[in-house]
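Remarks on the structure that follows.
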Amino acid sequence: MLNWLVGALGALIVAGAAYQKQSLSGSGAIAAILMGTIYYGAGNLFWFGTLLLFFFTSTVLSKYRQSSKQDLEKSYAKTGNRDAGQVFANGGIGMVLCLLHFIYPHEAWKLLFVGVMATVTADTWATECGSLSRKPPRSILNGKQLPAGTSGGVSWLGSMAAALGGVVIGAGAWLFSQWSGLESHFMTYVSAGLLGGLAGAFTDSWMGATVQKMYQCSVCGKAVEVHQHCGEQTKRSGGWSWMTNDAVNLISSMIGGLVAWLAAGLL
Ligand SMILES: [Zn+2]
């Protein structure tokens, strides 16, 4: 019972601060309080700490040199202040895995979780750092140069950031696991984070280039994820109608989780 109270209090403080700093919208803050309470109440510091590690690093990165990225942010659906949908897209599968582990404890849930959090972290770091790259990104499908901010575009800087994000989540999850008094191997967690994060982030880019619901700006001609660009309504340009940005995040997170679990099993 105490864990649920501690979780609720911790989540309230973090979500309240994020709301004040406009990193979370009102609905996003409520979703984050619910999520944090479950992560700590049904889980422990391993689950809650790993979620916070994703949240803090992503928030700091998105604030860093924000002015130079403002133009690009308009092309993405996932940046800026997060609403409930984005909070659940980033932390929802982790919450389900935490509850499954609560009901039926097994190491596999934790490794899947490391891969899921590594994916959302790698994806966010890649988006934030890749958008600072001086060189234009290249298509994940054919290597051709793309305008900055195009879905499905990858860069070395973004890929390095994705790898680093995955490693940080793996190492952090191991540390929180140790602090919770659980037995875990450092290299297993770091490998799971690195490979899960990279697999998930590249799946996200690949889906962005192929099946994700996309729009085209009638002013600048860019393919974007949003309904409005350059002050005008955008037109549907491709992808499956149900394959929204949140759906792509969910699917790539599951792939990242599976790869992390497999990697941990093989190593
Ligand atoms: Zn435009």
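The values are calculated or read from the model by the stated rules, or taken from the named source; none is laboratory data. Quick caveat, the model's predicted, so the values are computed rather than measured. Methodologically, a virtual Cβ is constructed for each residue, glycine included, from the backbone with ideal geometry; neighbour enumeration extends over all protein chains shown.
Anything in region 217-230 that is in a loop (DSSP other than H, G, I, E, B) and near the ligand (Cβ under 6 Å from one of its atoms)? List them, or say none.
Restricting attention to region 217-230, the residues satisfying the condition of being in a loop (DSSP other than H, G, I, E, B) are 217-222, 225-227, 230.
Hits for region 217-230 are 217, 219, 220, 222, 230.
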Self-check item: Cross-chain or 6+ apart pairs with Cβ under 6 Å, region 203-228 first and of a type in the set (Val, Ile, Thr), then away from the ligand (no atom under 16 Å from the Cβ) and modelled with pLDDT of 85 or more
Solution: 203/252; 203/255; 211/239; 211/240; 211/243
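Each row is one residue, and each column tells you yes or no for (1) at pLDDT 95 or above; (2) within 16 Å of the ligand (Cβ to nearest atom).
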residue: 195; (1), (2): yes, no
residue: 205; (1), (2): no, no
residue: 232; (1), (2): no, yes
residue: 235; (1), (2): no, yes
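Which of the residues that make up region 164-190 are of a type in the set (Gly, Ala, Ser) and crowded, with 22+ Cβ neighbours inside 10 Å?
Start the filter on region 164-190 by keeping residues that are of a type in the set (Gly, Ala, Ser), which leaves 165-166, 170-173, 177, 180-181, 184.
Of everything in region 164-190, those that are of a type in the set (Gly, Ala, Ser) and crowded, with 22+ Cβ neighbours inside 10 Å turn out to be 165, 166, 170, 172, 173, 177.
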Quiz item: Quick one: in region 171-183, which of the residues that are out of contact with any Lys or Arg (no Cβ under 8 Å at 6 or more places or on another chain) and not hydrophobic (A, V, I, L, M, F, W, C) is farthest from residue 122 (Cα to Cα)?
Solution: 181
Quiz item: For region 141-172, what are the residues that are in a loop (DSSP other than H, G, I, E, B), modelled with pLDDT of 90 or more and either of a type in the set (A, V, I, L, M) or under 25 Å from residue 192 (Cβ atoms) (or both)?
Solution: 141, 155
Exercise. Sort through 27, 68 and tell me the only one that's surrounded by fewer than 18 Cβ atoms within 10 Å (Cβ to Cβ) and at pLDDT 85 or above.
Key: 27
